[in-house]
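A.B. asks: Below you will find the structure I want to go over with you.
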Amino acid sequence: MAGSLRYLLTLGRLCPGLGVVPQTRALAAVVPGVTQVDNKSDFLQKRPHRQHPGIRKLPHVRLPQALSNGAQLLLREIAEPNMENQVQALTNYLWSRHLPVEPEELQRRAMHLEKKFLENPDLFQTEEKLREAVLNALRKTTYHWQELSYSEGLSLVYMAARLDGGFAAVSRAFHEIWAQNPAFQPQTLMDFGSGTGSVTWAAHSVWGQTLREYMCVDRSTAMLVLAEKLLKGGSESGEPYIPGVFFRQFLPVSPKVQFDIVVSAFSLSELPSKTDRNEVVQTLWRKTHHFLVLVENGTKAGHSLLMDARDLVLNGNEKSPLDPRPGFVFAPCPHELPCPQLTTSKPLACSFSQAYHPIPFSWNKKPKEEKFSMVILARGSPEEANRWPRITQPVLKRPRHVHCHLCCPDGHMQHAVITARRHGRDLYRCARVSSWGDLLPVFTPSSFPPSPAQDPSES
């Protein structure tokens, strides 16, 4: 494969009339600064292009059979006739949920309303009436965030609604680590806001041979009881399917306690304020020895929350004397620069999609897609991360060309139109079989200065 690439490049230089574009010029039209396929070590190794090393999306994820059986047993025991409607209602509520309005923002809105009302002073002759009008207007226009308190019944509804989708999202995040670092062998894991325990099951599916301790932290006693039942096949007795799982309601206090992997999946959005989220993120980062995995809904609110957490870790001045190693973005961003999705005139959520087979309840037969946002932070040097461009939208495949929207290592978004003639067969084939969330295996060698995107035919 590498030999054929060299032959095409040589042929293009010697015989320009054949229409073979030199690779360094051609790929500069894909992404500014991208000059060649990252095939310096023949990365395909005679594998088909559909298995190129930038592939990250998993095939349809399926719950472990023991977990699926346990969940079905628990729902059969309660025999709730209206469960399907409750599941749908909770799903819609969780997906449409916004972050709580911060006190500073609430005050800004109140001052704006007061200024607006004072433009008609005759309507509000006393300060009390003005204050009452401002409060009424705020009640009508402000999102009323409420903390969810999970009882035994609501925990079961949450399990039926979110166990399989949450497992799929976290499995996809863990696969990102495994694909880039297959030699990583974690021994300890902490899950903040563990809920039904889907993180534990997903981690066991990937690193079950080496993980010996799973610390599940959740303030809801009902959720902890439910997660323990699921580990035992849906019963209160018997041996747990996964050994070494511990449950507690509070984070470990000792600063000396660290875990190889720390996870917060769909939990930061349940905290009542940005101050609380920042405190929790800083605590989780102090507890992180290798990887901090954060997952939220694939909405603008979820993505914005994760970017705040990302920036907090990257820009944090707090250095732990026990672990002074800096942090960097392991995935999905190929850079530590501001997110280009949030700097556009119309901010978009950077999200991903993972297909999965749902728990086969009576209303849950067809395969589904879980849309989520994630960020994986790691301790060490950014040189340890893969800096290939990330595909941020569904790939559009057209006759003899492919449209890819890429987040690039220079911190910019790029719409690349890739063809075999202009960019080489290998890159075209890799792009054509890639999916939303995969990496495109091209890179910018330091020996080449960044090139502006242009049509090679115009050079």
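The values are calculated or read from the model by the stated rules, or taken from the named source; none is laboratory data. Values in this document were obtained by computation on a predicted structure and should not be read as measured data. Cβ atoms come from the backbone with ideal geometry, glycine included; neighbour counts cover every protein chain shown. Heavy atoms of the whole protein, side chains included, go into the accessibility calculation; ligands, DNA and RNA do not. Shrake-Rupley method; radii C 1.70, N 1.55, O 1.52, S 1.80 Å.
A.B. asks: Only one of these is open to solvent by 60 Å² or more (accessible area, probe 1.4 Å) and assigned by the TED database to the domain that holds Ser194: Thr299, Thr344, Thr283. Name it.
C.D. replies: Unique residue meeting the criteria: Thr344.
A.B. asks: Among the listed residues Leu305, Leu314, which satisfies the condition of being in contact with a Gly (Cβ under 7 Å, 6 or more places away or on another chain) and among the aliphatic types (A, V, I, L, M)?
C.D. replies: Selected residue: Leu314, the only one of Leu305, Leu314 that is in contact with a Gly (Cβ under 7 Å, 6 or more places away or on another chain) and among the aliphatic types (A, V, I, L, M).
A.B. asks: Does Trp95 satisfy the criteria of being closer than 30 Å to Pro360 by Cα, surrounded by 11 or more Cβ atoms within 10 Å (Cβ to Cβ) and either out of contact with any Phe, Trp or Tyr (no Cβ under 7 Å at 6 or more places or on another chain) or in contact (Cβ under 8 Å) with a residue 24 or more places away in the chain (or both)?
C.D. replies: In short, yes.
A.B. asks: Taking Thr344 as meeting all but one of (1) within 18 Å of the chain's Cα centre (by Cα); (2) closer than 23 Å to Gln414 by Cα, write down the number of the exception.
C.D. replies: (1) is the only condition that Thr344 fails.
A.B. asks: Considering only segment 98-111, state which residues are open to solvent by less than 80 Å² (accessible area, probe 1.4 Å) and either more than 27 Å from Gly298 (Cα to Cα) or among the basic types (Lys, Arg) (or both).
C.D. replies: Arg109, Ala110
A.B. asks: Let me ask you something else. Right, Glu128: open to solvent by 100 Å² or more (accessible area, probe 1.4 Å) and at pLDDT below 85 or not? Explain how you work it out, then say what you get.
C.D. replies: On the way: open to solvent by 100 Å² or more (accessible area, probe 1.4 Å): yes; at pLDDT below 85: yes.
Yes; evaluated as a whole, the condition is true for this residue.
A.B. asks: How do the pairs read when you match residues in segment 165-182 that are without any contact (Cβ under 8 Å) to a residue 40 or more places away in the chain with residues anywhere that are surrounded by fewer than 24 Cβ atoms within 10 Å (Cβ to Cβ) and not in a helix (DSSP H, G or I), using Cβ under 8 Å and keeping only pairs 6 or more apart or on different chains?
C.D. replies: Filtered contacts from segment 165-182: Trp178/Phe184.
A.B. asks: Please list, ordered by first then second residue, the pairs with beta carbon atoms under 8 Å, 6 or more apart or interchain, first in segment 426-439 and at negative phi and β-branched (Val, Ile, Thr), second modelled with pLDDT under 95 and not in a helix (DSSP H, G or I).
C.D. replies: Partner pairs satisfying both residue conditions: Val433/His52; Val433/Ile55.
A.B. asks: What pairs can you find where one residue is in segment 288-306 and more than 18 Å from Glu369 (Cα to Cα) and part of a loop (DSSP other than H, G, I, E, B), the other is modelled with pLDDT of 95 or more and open to solvent by 30 Å² or more (accessible area, probe 1.4 Å), and their Cβ atoms are less than 7 Å apart, with a gap of 6+ or different chains?
C.D. replies: Qualifying pairs under 7 Å: none.
A.B. asks: Among the numbered criteria (1) surrounded by fewer than 19 Cβ atoms within 10 Å (Cβ to Cβ); (2) of a type in the set (S, T, N, Q); (3) touching an Asp or Glu at 6+ places or on another chain (Cβ under 7 Å), which one does Gln258 miss?
C.D. replies: For Gln258, the failing item is (1).
A.B. asks: Right, next: Here is a list of conditions, (1) without any contact (Cβ under 8 Å) to a residue 60 or more places away in the chain; (2) in a strand (DSSP E or B); (3) open to solvent by 60 Å² or more (accessible area, probe 1.4 Å), and Lys371 meets all of them except one; can you say which number that is?
C.D. replies: The failed condition is (1).
A.B. asks: Right, something else. Out of the residues in segment 27-69 meeting the condition of being in contact with a strand residue (DSSP E or B) (Cβ under 8 Å, 6 or more places away or on another chain) and open to solvent by 50 Å² or more (accessible area, probe 1.4 Å), tell me which one is modelled with the lowest pLDDT.
C.D. replies: Checked segment 27-69; the qualifying residue modelled with the lowest pLDDT is Gln36.
A.B. asks: For segment 94-125, give me the residue count where each residue is within 24 Å of Leu271 (Cα to Cα) and either acidic (Asp, Glu) or not in a helix (DSSP H, G or I) (or both). I'd like the intermediate steps shown before the answer.
C.D. replies: Initially, segment 94-125 is screened for residues within 24 Å of Leu271 (Cα to Cα), giving 94-110.
Filter once more, keeping what is either acidic (Asp, Glu) or not in a helix (DSSP H, G or I) (or both): 97-102, 104-105.
Summing the residues that are within 24 Å of Leu271 (Cα to Cα) and either acidic (Asp, Glu) or not in a helix (DSSP H, G or I) (or both) in segment 94-125 gives 8.
A.B. asks: Can you pull out the residues in segment 168-193 that are open to solvent by less than 10 Å² (accessible area, probe 1.4 Å) and within 23 Å of Leu251 (Cα to Cα)?
C.D. replies: Val170, Ala173, Phe174, Pro186, Leu189, Met190, Asp191
A.B. asks: Still on this structure: So, Ile391, is that one more than 18 Å from Lys57 (Cα to Cα) and open to solvent by less than 50 Å² (accessible area, probe 1.4 Å) or not?
C.D. replies: no
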